[in-house]
Amino acid sequence: MSGKRPKAAGVLFKDENGDLHQAFLSDSRRSEIILSCGAIGTPQMLLLSGVGPRNELEEKKISAVAHNEFVGTGMADNPMNTIFVPFKKPVEQSLIQTVGITKMGVYIEASSGFGQSNDSIQCHHGIMSAEIGQLSTLPPKQRTPEAIQAYIKRKKDIPHEAFKGGFILEKIANPISTGQLRLINTNVEDNPSVTFNYFKHPRDLQRCVDGIRMATKMVQSEHFTNFTQCDKQTTDKILNISVSANVNLVPKHTNDTKSLEQFCKDTVITIWHYHGGCHVGKVVSRRDQKVLGVDRLRIVDGSVFDESPGTNPQATVMMMGRYMGLKILRDRLGKQLVFRG
Ligand SMILES: Cc1cc2nc3c(=O)[nH]c(=O)nc-3n(C[C@H](O)[C@H](O)[C@H](O)COP(=O)(O)OP(=O)(O)OC[C@H]3O[C@@H](n4cnc5c(N)ncnc54)[C@H](O)[C@@H]3O)c2cc1C
């Protein structure tokens, strides 16, 4: 970036062999860079390029190209909590098929699958449990085949019931709690530090409590008790299985099964729906998602979202991509482009 009003000049990138390349924009009015590195990658790229809070950039000895206090702020992730539901006998494996959308903004989903053998770790639910369980406590780069095998061998540490049956999960739509993204260093290949502050806002916590209450009520309904090992007396047991399945690195508390608030805080996990960090109106313009204060730079990805749907966000991200693609074409071609569908 150079000149009085900064403008994007090009990109520095590595190819698949790890060789570094530079690519520069031409002088054409149409030339621009579109950043699509996602909710974590895009704010990180802006900060590394000198667009962000001046003091944070100076701290990392990055020369500030454009001061913007909002880059990396408003990071949010829809928190998810699960309760494991042990079944009396094997049930058909099933992915999440239905979503219960409650009036309180809690989304309820279920997944099951025990297969026919006792070694259900091989089955869908086992794998899901493994993924959201111990493996989620391992940094992605350490999830080697050997680490996964070692986990399977250690699975007896986890209550066996956790692998029998399925689980009910509840997610919070549009969490009010937000956090921030900060650079740890100036190496683009290192992850930045990200904080989502799950349940910092009491309303988010209350919604989780309501969701877990609803989920345990469902498990205690007759429809479920015909199949499950649960009855009204075993809520503690269900919660206890979920707590001891050790789904995250958060320290556990002795009152996890007594206080649903504590249960929510201690068993929260991500379902990878993080968003924000480059909000519309704060980091990019409302009209065309161009980075404010910088020319020839636009963002099209989940980092611009204020909120993410309670269900799966990919369709919304793709819709935005299509919308922006058509908008860019229309701006370039004027009225020649007709929108259909
Ligand atoms: C494990 C997992 C499961 C998911 N399951 C679902 C699901 O079932 N349904 C659903 O709707 N959503 C799902 N999601 C969420 C969904 O994938 C995201 O919401 C969506 O992909 C976000 O789109 P994006 O364009 O913002 O970012 P991304 O899709 O993350 O795209 C960002 C891209 O930028 C690249 N990148 C980042 N930094 C750099 C860099 N410095 N240099 C070069 N490239 C870079 C990344 O490799 C990535 O390819 C899942 C997410 C995860 C992680």
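A few remarks follow.
- Note on region 247-328: along the principal axes its Cα atoms extend 55, 27, 17 Å, ordered by decreasing extent.
- Residue-wise HN-Hα coupling along region 39-49, computed from phi with Karplus coefficients 6.51, -1.76, 1.60 (Hz; x: Gly, Pro): 5, 9, x, 5, x, 4, 5, 4, 4, 5, 8
- Of the GluC sites (Glu not before Pro) found in region 186-275, the ones in coil according to DSSP and having at most 14 other Cβ atoms within 10 Å of their Cβ are Glu189.
- Annotation: amide H of Asp295 within the under-5 Å range of Lys7, Ala8, sequence separation 5 or more or interchain, hydrogens built in the peptide plane.
- Measuring against 32 Å, Cα to Cα, the residue pairs Lys282/Lys327; Lys141/Lys200; Lys89/Lys141 contain Lys89/Lys141 as the ones spanning a longer distance.
- Alpha-carbon centroid distance for the pair region 66-111 / region 164-196, whole angstrom: 13
- Rounded to whole Hz, the Karplus (6.51, -1.76, 1.60) HN-Hα couplings of region 266-281, x for glycine and proline: 7, 10, 5, 9, 8, 10, 6, 9, 5, 7, x, x, 9, 4, 4, x
Taken together, the values in this text are just the output of simple stated rules run on the coordinates, not laboratory data. Just so it is clear, the model here is predicted, and its values are computed rather than measured. Note: ideal-geometry Cβ built from the backbone for every residue, glycine included; neighbour counts use all protein chains shown.
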